[in-house]
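*Asks:* Sharing a structure here in structure tokens format.
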Amino acid sequence: MARPRALSEFIAEANEILEALGRDLLVLDERRGQEADPDLLNGVFRAAHSLKGLSGMFGQDSIARLAHQTEDLLDGLRLGKVALDDALLDALIETLDLFNALLAEAAEEREGPAQEVAIAQADRLQRLLGPAVASAADPLDTLGLDPQMRAVFTEYEEHRLRENVKRGVALYRVRAVFSLADFDQGLAALNAKLKPLGEVISTLPSSQPGDESTIAFDLVFGSAKEQGELEAAVEEQKGLVTLMTPAATARPRPAPLANDREVSGPQLRALDAPRTPETSLRSLTQTVRVDIGRLDGLMNAVGELLLIKSNIQQLAEGARQAAAGSAPLPKLWGQELFKESRALERKLDELQKGILEVRMVPLGQVFDKLSRLVRRIVRESGKEIDFDLAGGDVELDKLIVEELSDPLMHLLRNAIDHGVESPEARVKAGKPRRAVVRLKARQQGNHVVLEVGDDGAGMNEERIREVAIERNVVTVAQAEGLERRELLNLVFIPGFSTRASVSELSGRGVGLDVVKTNLARLSGIIDIDSRRGQGTTFTLTLPLTLAIIRALVVEVSGRTWAVPLNSVMEIVQVTTPELRSIEKKEVFSLRGQTVPFVRLSRVFGLPETKLEKHQVVIVGLAQARVGLAVDQLLGQQDIVTKPLGGRLRSVPGVAGATDLGNRRTVLVLDVAAVIEGLLRPRSAS
Amino acid sequence: MKVLIVEDSKATRELLATTVQTIGGVEVICAVSGFEALKVLPRFQFALIITDINMPDINGLELINFVKKNPHYRDTPLFVVTTEGRNQDRERGLALGAAEYLIKPFEAEVLVALVKRYLKLG
């Protein structure tokens, strides 16, 4: 019963399910070797179950089939028929990646390679599940439970009941009556009291008390504690505790083991594991979940703006009447207007801040996905690596977080595959066997700084120099003059990295130009530091948001331009005699470093203003630094960039237009394009 | 006539609601969980209840039992719509008094026909 227009609803919900599944699997992954929490296993099962139902309803058969097989396996797991071993957990994590790939294909309404992989994966899951075991005599039959109560247990609840009986604990019934209006809070409080003392196996609404405003619940509770202790615990909720079956004196039996260990052994895994196609980590939905409190705050701000509006309307009416001569202008009119405009400014600031907050999401959302993938890559690489993750609570604009996941993955994969040495090589070099790969985020003013680092072999500067010359990225003369940092940054230039150079340079440079381009699109800056034998660190600096930015307003040849402030590093004055010329290009020296001098008037073909002293805006984008010469600095302002339409859209160097107030529209400089345009002829030479 | 749909999946809930609403004279009220269903039940006179089995708070079987034991609601027909192909749960659902047990995915026409039959419409 699929409706095509419901596809996006399906994608959004499936995506949410997969995110939850990913979080739970991550916890299981981190606690390998420990006994799994039944609630967690049930959560994972529920996710697969919901996905099966959902995809079935929406005619997504490949997802439904794989979800079905996954659900069966997880059902065996939560019912204790299958043991959670490494092979099974690996298979589940790979299945999650496969679901993401299938969902991406579904979102694009195409049939892709993931579909075939899904069929193989379903077979594999089935093998892991093995043949069903015949169940022995059911211990529940001997309990003498009320058959009416047993009739409403699902298979899973029966299993939990059985597990409690096996452990030899007593079963209690806790009855509590709540008001119909807020019984969920009452139940939550009761559950919180009971949870530390045992396991709540089932919550049964009771039909017995007939009145309209209350509802009673029976909680079936397994616990090793005495009845008196339970009664004391639930006294506040007026819970009534009755013993259903006493604690057994029999020794608890060990939990059943996996029935088919040979099949699920790790030896077979490498052979029969279908490869999941790589997919982007970017989520498929364009929605942000917002705390209702934040929305209330926005609503309040709007309410106050309306109040200010009516005040201003009154003042305007006063002015209109004064102009018409029907009434004198009130004495304090000017003062009042000034007061209102100040209030308006404050409220608009508040509103702006509020809306920006709504767009903010914690980086943890993408960190969860990354950490899952990192574990997988580490396992595949056979290296011994600890993944050190920090700063998941740092918040960034949703769009930036989405765009960040792929570049981060790229850098992490490089660090694992090429940055970190084999355990043997590390021991030989006198380093600890286990390597560390780090991903850290922190907020710094209006920016977020992310660090991706490893304590691996580091880069070979001399090799970079040689390769750069070989590939005509720089001339021999240029290469001689390059400083360490400039040399390292050559790896970001397109054409520098090729397959052939991969192993020679510990693999760095693989697609780094792509990482750089992606970051530049987010007005981000990437820097690199590497020490031989000590490791490599990439530092990514990103603005908190792209929606509203602060801009430097400048004048060039009588025209006004806005330069996004997040790419402005500093402003200096340069006199004409300080300018030098290298390869017919103007440069100047900034604290010993040679920086290209770009006259914006020439870039846009405007008449030049002859000046002796130039105001130079130093802009930085990724590792590039350029000095933009402008005629005059007019100040700073918050701007909202609007895209240009029609033919103006593809004018190089112009990112869009903005309104500076006073009904004047100015163009926003595309710093990335200006810098790229400058570098292109050089790298082509 | 009011039909209560109890389903925790938003997309499925909306799909069910849209399907049932195509039947003239039927008003759909949705609950996102078993708890919410318990709260909504006394507020309206429902002609039919459609519930999922696997829900986070109370399961569908418990909801059926509650409805069928309660003198106010026990005559209301109840459909189970679930992914649960498991025989035990199906048998229990029907034993507890569910009128129909539909396993997802199913055709919209089937649901519409069943709803019409129990509501004695056309």
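Where a number appears in this text, it was derived from the coordinates with a stated rule and is not lab data. Everything quoted here is computed from the prediction, not taken from an experiment. A quick note on method: Cβ atoms are made from the backbone with ideal geometry, for glycine too, and the neighbour counts reach across all protein chains shown.
*Asks:* Rounded to the nearest 0.05, what FRET efficiency do residue A:319 and residue A:345 have when you use their Cβ-Cβ distance and R0 = 25 Å? Could the numbers behind the result be given before it?
*Replies:* Values: r = 20 Å, r/R0 = 0.80.
The formula returns an efficiency of 0.80 here.
*Asks:* OK, next. Do the sum for the protein assembly as shown: with -39,500 (n - 2.57) for every DSSP H run of n ≥ 4, divided by all residues, what is the mean residue ellipticity at 222 nm, to the nearest 500 deg cm²/dmol?
*Replies:* Details: 27 runs with 349 residues, N = 807.
My calculation for the protein assembly as shown gives -13500 deg cm²/dmol from helical runs alone.
*Asks:* With the contact rule set at Cα under 8 Å and sequence spacing of 6 or more, what percent relative contact order holds for region B:48-122?
*Replies:* Values: 90 pairs, mean separation 23.7, N = 75.
Value for region B:48-122: 32 percent.
*Asks:* Moving on to the next point. Rank these for me by crowding, B:39, A:428, going from fewest to most other beta carbons within 10 Å. Could you put the intermediate results ahead of the total?
*Replies:* Details: B:39 17, A:428 10.
By the 10 Å Cβ count, ascending, the order reads A:428, B:39.
*Asks:* Averaged across the residues of A:48-58, what count of C-beta atoms belonging to other chains lies within 10 Å of each residue's C-beta?
*Replies:* Numbers: counts 0, 5, 9, 2, 4, 15, 8, 4, 6, 11, 4.
Mean shielding by partner chains, rounded to a whole number: 6.
*Asks:* Residue A:483 to residue A:236: extension gain in nm, 0.36 nm per residue of separation minus the Cα-Cα distance?
*Replies:* Details: separation 247, 0.36 × 247 = 88.92 nm, distance 7.20 nm.
Taking residue A:483 through residue A:236 to full extension adds about 81.7 nm, to one decimal.
*Asks:* Hey, with R₀ at 30 Å, roughly what FRET efficiency would residue B:74 and residue B:27 work out to, going by the Cβ-Cβ distance, to 0.05? Walk me through the intermediate numbers first.
*Replies:* Working: r = 22 Å, r/R0 = 0.72.
So the FRET efficiency works out to roughly 0.85.
*Asks:* Okay, next question. Kindly put A:409, A:360 in sequence by how many other C-beta atoms sit within 10 Å of each C-beta, fewest to most.
*Replies:* In increasing order of surrounding Cβ atoms, one gets A:360, A:409.
*Asks:* Let me ask another. What is the distance in Å between the Cα centres of region A:152-202 and region A:54-91?
*Replies:* 26
*Asks:* Here is a follow-up. Could you give the distance between the Cα centres of region A:419-488 and region A:347-388, to the whole Å?
*Replies:* After rounding, the separation between the Cα centres reads 23 Å.
*Asks:* Please compute the net charge surrounding residue A:597, taking Lys and Arg as +1 and Asp and Glu as -1 over other residues with Cβ under 12 Å from its Cβ.
*Replies:* Values: positive: A:580, A:585, A:599, A:602, A:625; negative: A:578, A:586.
For residues surrounding residue A:597, the net value is +3.
*Asks:* Now for a separate question. Which value in nm describes the separation of the simple spin-label points at residue A:214 and residue A:31, placed 7 Å from the Cα toward the beta carbon?
*Replies:* So the label points at residue A:214 and residue A:31 sit 3.8 nm apart.
*Asks:* Taking Cα pairs under 8 Å and at least six residues apart, what relative contact order does region A:355-450 come out at, in percent?
*Replies:* Values: 109 pairs, mean separation 34.2, N = 96.
Dividing the mean separation by the residue count of region A:355-450 yields 36 percent.
*Asks:* Within straight cross-link reach of residue A:613, meaning Cα distance under 29 Å, which lysines are found once same-chain residues fewer than 8 apart are removed?
*Replies:* By straight Cα distance, residue A:613 reaches A:584, A:585.
*Asks:* Once phi is turned into ³J(HN,Hα) by the Karplus curve 6.51 cos²θ - 1.76 cosθ + 1.60 with θ = phi - 60°, what whole-Hz value does each residue of region B:90-103 show in order, with x for glycine and proline?
*Replies:* 5, 4, 5, x, 5, 5, 6, x, 5, 7, 9, 10, 9, 9
*Asks:* Exposure proxy check: A:202, A:567 ranked by fewest other beta carbons within 10 Å? Display every interim value, and only then the final one.
*Replies:* On the way: A:202 21, A:567 26.
Ascending number of Cβ neighbours within 10 Å: A:202, A:567.
*Asks:* Other chains' Cβ within 10 Å of A:287-294 residues: what's the mean? Could the numbers behind the result be given before it?
*Replies:* Working: counts 0, 0, 0, 0, 0, 0, 0, 0.
Shielding by partners across A:287-294 averages 0.
*Asks:* Going by amide H atoms built from the backbone, whose H comes under 5 Å of the H on residue A:206, apart from near neighbours?
*Replies:* A:216, A:217, A:218
*Asks:* Restricting to the protein assembly as shown, what percent of DSSP beta bridges are antiparallel, rounded to 5? Don't jump to the answer; show the numbers that get you there.
*Replies:* Details: 89 of 117 bridges.
DSSP beta bridges in the protein assembly as shown are roughly 75 percent antiparallel.
*Asks:* Say each of residue A:386 and residue A:609 gets a label point 7 Å from the Cα, pointing the same way as Cα to Cβ; how far apart are those two points in nm?
*Replies:* About 5.8 nm, to one decimal.
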